[in-house]
Amino acid sequence: MPILPTDPRRRATLIAAAVAVVCAGAVAFVALGPLAAAPAPSPTRSVAAPTPTPTTTPGPTRSADPVDAVDAPASTTVAAVDGSSVPVSATPGGPATQTLANPQASGAPLVFRVVDRRDGWVEVQLAQRPNGSTGWVPTSAVTLSEDPYAVVVTRSTNTLALYEDGKVVARYPVATGTGGTPSPTGRFALTELLAPTNAGYGPYAYGTTAFSDVLNSFGGGPGQIGLHGTDDASSIGTAASHGCIRMRNADITALAERLPLGTPFQVR
């Protein structure tokens, strides 16, 4: 496992947890309890993504562009939950329709991508079906930050573009879903960063708010789409997965060192 940088903005710290994350075919496990101080490092761990820059003046607006237009804003507001849980409402100021725990089951902090804002409330993307689900949370329950990054995957070319401040700063070849299990298109967000323990999925896997349009369940999980590495380098550049986005291990490691949770993640 590579050593992550010590810069405060990019440092990845370890979080103890237990979860099985299904990336429409790839299961990643992390262990319960703190990492032991044994000579052999444990591969069962969840890692925290880099922290975005705090802000007190967010002003997100919902885009009216077609879903296949590039979704790479120069800055995106993300909301990190402060307490042990957060109420989610269908309308700003409305009654709570659900309560989400913080941290998540994986041990990752609960962080949302913000898509709209009203007085005292922010509308956030939710990691649940149907794709595109949103809810409103009170701003008093979250810390708002600005994220300069965005990830855009283009299925027709099997490529991933990394944007910073609205400009492409890197391009990577990727593997996308096959014709029978295509990667779902839409505007999503990164939700958690894990270190998979099962062979085949590389050193890092981001969970996302996207779910397979074909697989309602897989391997005991809900068919959640992931962005992860792979031990099958020959699949990169092709349509080969169950819907997840595969990257070369060096490439997913580079993203894991940069991208905070809540970062826009688009498949088009």
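The values are calculated or read from the model by the stated rules, or taken from the named source; none is laboratory data. Everything quoted here is computed from the prediction, not taken from an experiment. Cβ sites come from the backbone with ideal geometry, for glycine too, and all protein chains shown count toward neighbours. Side chains included, ligands, DNA and RNA excluded: accessible areas come from the protein's heavy atoms. Shrake-Rupley method; radii C 1.70, N 1.55, O 1.52, S 1.80 Å.
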- Message: Need the failing condition index for residue 194 against (1) in contact with a Ser or Thr (Cβ under 6 Å, 6 or more places away or on another chain); (2) free of Cβ contacts under 8 Å to residues at least 60 places away in the same chain; (3) not charged (D, E, K, R), just the number.
- Response: (2)
- Query: Based on what the data block shows, is residue 186 out of contact with any His (no Cβ under 6 Å at 6 or more places or on another chain), open to solvent by less than 10 Å² (accessible area, probe 1.4 Å), at positive phi and at pLDDT 95 or above?
  - Reply: yes
- Within the range 213-260, which residues are open to solvent by less than 10 Å² (accessible area, probe 1.4 Å), touching a residue at least 60 places away in the same chain (Cβ under 8 Å) and assigned to a loop (DSSP other than H, G, I, E, B)? 223, 243, 244, 247, 259, 260
- Message: Under 6 Å between Cβ atoms, which residue pairs at least 6 apart in sequence (or on different chains) link something in the range 139-160 that is open to solvent by less than 20 Å² (accessible area, probe 1.4 Å) with a partner that is of a type in the set (Lys, Arg)?
- Response: none
- Query: Does residue 130 satisfy the condition of being within 30 Å of residue 235 (Cβ to Cβ) and surrounded by fewer than 15 Cβ atoms within 10 Å (Cβ to Cβ)?
  - Reply: yes
- Please specify each residue of the range 169-189 satisfying the condition of being farther than 16 Å from residue 236 by Cβ, touching a residue at least 12 places away in the same chain (Cβ under 8 Å) and assigned to a strand (DSSP E or B). 186, 187, 188, 189
